[in-house]
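Here is the structure we will look at, set down as structure tokens.
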Amino acid sequence: MFLINCPYCGERDQQEFKAGGEAHIERPKQPTELSDDQWAEYLFMRKNIKGVQFERWNHAHGCRKWFNMARDTSNDEIKAIYKMGEKPPPQ
Amino acid sequence: MRNKYSIFSLFKNALSYHENWQRAWKDPTPKKEYDAVIIGGGGHGLATAYYLAKKHNMQNIAVVEKGWIGGGNTGRNTTIIRSNYLWDASAGLYDHALKIWEGLSQELNYNVMFSQRGVMNLAHNLQDVRDLKRRTHANRLNGIDSVYLNTEEVKKFCPIINTSRDIRYPVLGGTLQKRAGTARHDAVAWGYARCADEMGVDIIQNCEVKGIKRNGDVVEGIETTKGFIKTKKIGVVAAGHSSVIANMAGVRLPLESKPLQALVSEPVKPIIDTVVMSNAVHAYVSQSDKGELVIGAGTDDYISYSQKGSHQIVEGTLNAILELYPIFSRMRMLRQWGGIVDICPDASPILSKTSIKGLYFNCGWGTGGFKATPGSGDLFAHTIANDEPHKLNAAFNLNRFVSGDLVDEHGAAAVAH
């Protein structure tokens, strides 16, 4: 349990948010041309990093906007929060 | 030869004030090379080592453990054992384990306190009723004992459940698997460790894996905090940390690691002599032999390795417990903890070879791995020894995420996810 600084609403309890998993997974541009391996990679395979991970969050019980977060999964410390479409911060 | 545990050895050792018990396993320094190395000294890893030594004649093997054996999810789960899964593949896998549980204390000469007190799963709405009836039929077709109970039968089997019609989620019925139950989780790890050690397996604690060395697509050994260990076969049984090992080896896994919490109350006199699970309201409870109520909460939705979950998850579970068991309203909770569970997209485990020769993964057990410990060890040992899966774990391969042949147990099973 931790506090999250929503880029639109400010600091709120994590309970208001929904975790959206690993960020920056790009939807295939030509889905019809993907092999089964490439589909599996896109749909299922995840880095699941122990350490700083980039992930998506949604302020589900607030502004309902999506944003990105860099968070250390070993101690739940939030390193950076940035908007959708922005590049991840340098490590 | 190690001393056999029995009433006579207990009596003999009582005469010397229990100060001369033999140690249960050695504390060896790692050899330079092993025929196989198991990464992870939890129940599944130790069981794998035990069956490799016992059934496949591989005694020159080691189990490396970052902390102490049984200190991870083996010591953190709520000890429930059952096999009433919906799909044929899962039913085969989990009932294989349940059959081994039934004779495990004798086989290991170690009392794992396996207690077939039954597991009851409650239905709270019409869809639950339909799902549970369907699962009962599926179980019986697979030879697994399962009966459907109506509300009165639920009340009769466990009288402290509130079955009145005016609660928020009334109890409409339930299923009962009488062969299911609980076991003492630490004893499982210790029993397997003791027997594996006796057959020559090196159990190396406080030894963290730092890297997997591979030559092209073949493994060569592992880098650890106690030096390099050469081996041709590596079985990874690292639960929540499976992805960490996979990332070292350059293997992609479909796992997400999340905190799962549990809690126990102060000890009280016997009040509930079975295990009751409710998927819909997310509450399950049993009573340990010490008298504590053992309560399982849910997972958080974010990835974390912190072994800490959110307070509201525990709060939600206790709300549900109190609605179903008003008698517990004055109970005080004694301890609460979290473990890190590795969850697969289809909520089924992976017991599989990988694209790298000699590298095997046993992971993805998610929120319900303890019940499978003996079966998982047996089948994973078979997979490592023969470089081919057993027919019972063939469906649980890593390639199912490519082929689409998933074993989708999410919600379909009795699991309280």
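Values computed for the structure shown
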read-out	value
Wholly enclosed helices (runs of 4 or more DSSP H) of the range B:1-112 bearing at least 2 residues over 30 Å from B:V285 (Cα atoms)	B:7-15, B:43-55
Checking B:F396 against (1) in contact with a Leu (Cβ under 6 Å, 6 or more places away or on another chain); (2) within 14 Å of chain A (Cβ to nearest Cβ), the condition it does not meet	(2)
Within the range B:271-303, tally of residues that are part of a loop (DSSP other than H, G, I, E, B) and either of a type outside the set (A, V, I, L, M, F, W, C) or closer than 30 Å to A:E22 by Cα (or both)	15
Counted residues, the range B:241-259 - those being under 30 Å from B:D131 (Cα atoms) and either at pLDDT below 95 or open to solvent by less than 10 Å² (accessible area, probe 1.4 Å) (or both)	4
In the range B:130-154, residue farthest from the chain's Cα centre (by Cα) [restricted to those that are surrounded by 17 or more Cβ atoms within 10 Å (Cβ to Cβ) and assigned to a helix (DSSP H, G or I)]	B:T151
Those residues of the range A:40-56 which are more than 8 Å from chain B (Cβ to nearest Cβ) and open to solvent by less than 80 Å² (accessible area, probe 1.4 Å), in sequence order	A:Y42, A:G51, A:V52, A:F54
The one condition in (1) surrounded by fewer than 18 Cβ atoms within 10 Å (Cβ to Cβ); (2) in contact with a Gly (Cβ under 7 Å, 6 or more places away or on another chain); (3) within 10 Å of chain B (Cβ to nearest Cβ) that A:C9 fails to fulfil	(3)
Test result for B:S306, touching a strand residue (DSSP E or B) at 6+ places or on another chain (Cβ under 7 Å), under 30 Å from A:A23 (Cβ atoms) and at the interface with another protein chain (Cβ under 9 Å from one of its Cβ atoms)	yes
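Residues are listed down the side, and each one gets a yes or a no for (1) within 15 Å of the chain's Cα centre (by Cα); (2) surrounded by 24 or more Cβ atoms within 10 Å (Cβ to Cβ); (3) not acidic (D, E):
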position: B:Q59; (1), (2), (3): no, no, yes
position: B:V63; (1), (2), (3): no, yes, yes
position: B:G72; (1), (2), (3): yes, yes, yes
position: B:G75; (1), (2), (3): yes, no, yes
position: B:T78; (1), (2), (3): yes, yes, yes
position: B:I81; (1), (2), (3): yes, yes, yes
position: B:D88; (1), (2), (3): no, no, no
position: B:L93; (1), (2), (3): yes, yes, yes
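The values are calculated or read from the model by the stated rules, or taken from the named source; none is laboratory data. Computed from a prediction, not measured in an experiment: that's the story for all the values here. Glycine also receives a Cβ, built like all others from the backbone with ideal geometry; neighbour counts cover every protein chain displayed. Ligands, DNA and RNA are excluded from the accessible area calculation, which covers all protein heavy atoms including side chains. Shrake-Rupley method; radii C 1.70, N 1.55, O 1.52, S 1.80 Å.
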